[in-house]
Amino acid sequence: QVQLVESGGGWVQTGGSLRLSCAASGRTFSSYNVGWFRQAPGKEREFVAAIKWSGGSTDYEDSVKGRFTISRDNAKNTVYLQMNSLKPEDMAVYYCNAQWGSLDYWGQGTRVTVSS
C-alpha cells in the first residue's frame, strides 16, 4: 500500500553534495523503518543508511559515516539522505526501502554520478 519515489540524484564533482528524497504516496509510512541502499554497475546492492519510524536510532554503512545524514519528515511522508563530500565510490543508483514487519517496499531508484 506504500509507493515510494526517489528524487534528487544528479551529476556532481568529487567533494560536492546532493540531497536525495524518498516520497511516499498511497498511505502514510510514519510507522515504517526506512533505509537507503545503492547499487553500482556490476556490484551487489548494499546498505547505506537507515532510520527508525520515530526518527531516532539511525544507522550508517562505514564508508559513509560522517558524510551522509539520513532524516525524515513524517508529516510530509518523506525521508531524506543528505550526501556531503561525495566520492567517485559513491556513484550508484540509490534506492529507498520501507519496512514494517513483513511489509517491504522499494522505489525505482535515483542515479548519482560523481566525477573524478
Discussion item. I'd like to know if the stretch 25-45 contains one or more residues that are within 12 Å of the chain's Cα centre (by Cα), acidic (Asp, Glu) and at pLDDT 90 or above.
Written reply: no
Item to complete: Go through the residues of the stretch 1-10 one by one and say whether even a single one is acidic (Asp, Glu), in contact (Cβ under 8 Å) with a residue 12 or more places away in the chain and surrounded by 18 or more Cβ atoms within 10 Å (Cβ to Cβ).
Response: yes
Fill in: ASP59 vs. criteria charged (D, E, K, R), over 17 Å from SER7 (Cα atoms) and in contact with a strand residue (DSSP E or B) (Cβ under 8 Å, 6 or more places away or on another chain)
yes
Discussion item. Out of the residues in the stretch 25-47 meeting the condition of being touching a residue at least 60 places away in the same chain (Cβ under 8 Å) and more than 21 Å from PHE68 (Cα to Cα), tell me which one is least open to solvent (accessible area, probe 1.4 Å).
Written reply: PHE29
Response to the item:
Residue count, the stretch 16-48, condition part of a loop (DSSP other than H, G, I, E, B), farther than 12 Å from VAL2 by Cβ and of a type in the set (A, V, I, L, M, F, W, C), comes to 1
Discussion item. Quick check on my filter: what residues within the stretch 104-116 are open to solvent by 60 Å² or more (accessible area, probe 1.4 Å), under 22 Å from THR14 (Cβ atoms) and modelled with pLDDT of 95 or more?
Written reply: ARG111
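The values are calculated or read from the model by the stated rules, or taken from the named source; none is laboratory data. Just so we're clear, the structure is a prediction, and the values are computed from it rather than from any experiment. Because the Cβ atoms are built from the backbone with ideal geometry, glycine has one as well, and the counts that use them run over all protein chains shown. Quick note on the areas: whole protein, heavy atoms, side chains included, nothing else; ligands and nucleic acids left out. Shrake-Rupley method; radii C 1.70, N 1.55, O 1.52, S 1.80 Å.
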